[in-house]
Amino acid sequence: MLVVLTSNHEELNREAGRIVGNAVRQNPALRLGLATGNTMIGVYHELARLHREEALDFSRVVTFNLDEYLGISPTHPHSFHHFMLENFFSHVNIDPRNVHIPDGTITGDYEKYCASFEDDILRAGGIDLQILGIGRNGHIGFNEPTSSFASRTRLKVLSKATVDDNRKFFGAGETVPRCAITMGIGTILASERVLMLVTGAAKATAVAHAIEGPITSSVTASALQLHADATAILDEEAAAQLKQKDYYRDVMEMTRLFTPSRLS
Ligand code: F6R
């Protein structure tokens, strides 16, 4: 995994925005995998700024979101649909027909629905660039510990740690969803390129396990070690427990010299 060390959240937002922006410029019909959560807000604002000030064009970009809570309507203020509209889609010229977010309101044949979401990705030609955050328990998407590395989009029961982390977004007395529809680890690994963004001290242990620990379904982000083109962009706090930071700095320097496309 290519590890990019930044000094703070603002620098991380700029780096991630630059990489995604370049990918869109290189391929205006980019198939872009998206995540939600606090970490992403600054990155989406940076992409909106690039759209506003540097004419970054999203009109042909096709998006696939990783996940959505089950039992939550798209208009619910805590739905991931709402998050995406508020923080990104309403600020850029994305074509709503090109947006794909799992439907949290489905009932009945969940397996059929999830297979159809996978089909949509395949029909579009696969995901070129997948953006990810990481949970404190090492999850990517909502692939909780012990998720299969072969898993595809499916209904997933959320762990207590994740439900507790999500509680802050919901009002007092509101039910916090206990299940979600999420792309699987297999879906994520099938993306052409993966960009994991992590900020803050609360994620430092998960980051160290994911990047330098053994590959294990107990930390599903460690599956990214199996991906041929995975980059992790970290702020200082998130990188705090990594043991090989000097090596990552050397690699960054050499990558800039010899294979700059990996950082562009
Ligand atoms: C959400 C998602 C999750 C988050 C992760 C980090 O779409 O895929 O894996 O990326 O839970 O969330 P924040 O950024 O809120 O800490």
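As an exercise: evaluate Ile134 against (1) hydrophobic (A, V, I, L, M, F, W, C); (2) near the ligand (Cβ under 10 Å from one of its atoms); (3) modelled with pLDDT under 95 and give the number of the one condition it does not meet.
(3)
Give the residue, chosen from Glu111, Glu53, Glu68, that is part of a strand (DSSP E or B) and not aromatic (Phe, Trp, Tyr). Break it down stepwise before answering.
Values: Glu111 fails: part of a strand (DSSP E or B); Glu53 fails: part of a strand (DSSP E or B).
Residue meeting the stated conditions: Glu68.
When Asn98 is evaluated against the numbered criteria (1) more than 16 Å from the ligand (Cβ to nearest atom); (2) without any contact (Cβ under 8 Å) to a residue 12 or more places away in the chain; (3) not hydroxyl-bearing (Ser, Thr, Tyr), which criterion, by number, is the only one it fails?
Going through the list (1) more than 16 Å from the ligand (Cβ to nearest atom); (2) without any contact (Cβ under 8 Å) to a residue 12 or more places away in the chain; (3) not hydroxyl-bearing (Ser, Thr, Tyr), Asn98 breaks only (2).
For the range 140-157, enumerate the residues that are open to solvent by less than 40 Å² (accessible area, probe 1.4 Å) and assigned to a loop (DSSP other than H, G, I, E, B).
Gly141, Phe142, Glu144, Ser147, Ser151, Thr153
So, Thr153, is that one in contact with a helix residue (DSSP H, G or I) (Cβ under 7 Å, 6 or more places away or on another chain) and modelled with pLDDT under 95 or not?
no
Can you report the number of residues in the range 111-139 which are farther than 24 Å from Ala161 by Cα and surrounded by fewer than 17 Cβ atoms within 10 Å (Cβ to Cβ)?
Total meeting the criteria: 11.
Mind listing whichever residues of the range 102-138 are over 29 Å from Met1 (Cα atoms) and of a type in the set (Val, Ile, Thr)?
Thr105, Ile106, Thr107
Of the residues that sit in the range 64-100 and are among the hydroxyl-bearing types (Ser, Thr, Tyr) and open to solvent by 40 Å² or more (accessible area, probe 1.4 Å), which one is nearest to Pro28 (Cα to Cα)?
The qualifying residue nearest to Pro28 (Cα to Cα) is Ser90.
Can you pull out every residue in the range 101-110 that is touching a residue at least 24 places away in the same chain (Cβ under 8 Å) and open to solvent by 40 Å² or more (accessible area, probe 1.4 Å)?
Applying the first criterion (touching a residue at least 24 places away in the same chain (Cβ under 8 Å)) to the range 101-110 yields 101-106, 110.
Within the range 101-110, Asp103, Thr105, Tyr110 qualify.
For the range 115-139, how many residues meet the condition of being out of contact with any Pro (no Cβ under 8 Å at 6 or more places or on another chain) and in a helix (DSSP H, G or I)?
Summing the residues that are out of contact with any Pro (no Cβ under 8 Å at 6 or more places or on another chain) and in a helix (DSSP H, G or I) in the range 115-139 gives 9.
Of the numbered conditions (1) away from the ligand (no atom under 12 Å from the Cβ); (2) crowded, with 16+ Cβ neighbours inside 10 Å, Glu54 satisfies every one except a single condition; which is it?
The failed condition is (2).
Does the range 222-248 hold any residues that are aliphatic (A, V, I, L, M), within 23 Å of Glu10 (Cα to Cα) and in contact with a strand residue (DSSP E or B) (Cβ under 6 Å, 6 or more places away or on another chain), and which are they?
Correct list: Ala230, Ala232, Ile233, Leu234, Ala238, Ala239.
The values are calculated or read from the model by the stated rules, or taken from the named source; none is laboratory data. What you see is a predicted model; the values in this text were computed from it and never measured. Counting neighbours? That spans all protein chains shown, and the Cβs are built from the backbone with ideal geometry, glycine included. Side chains included, ligands, DNA and RNA excluded: accessible areas come from the protein's heavy atoms. Shrake-Rupley method; radii C 1.70, N 1.55, O 1.52, S 1.80 Å.
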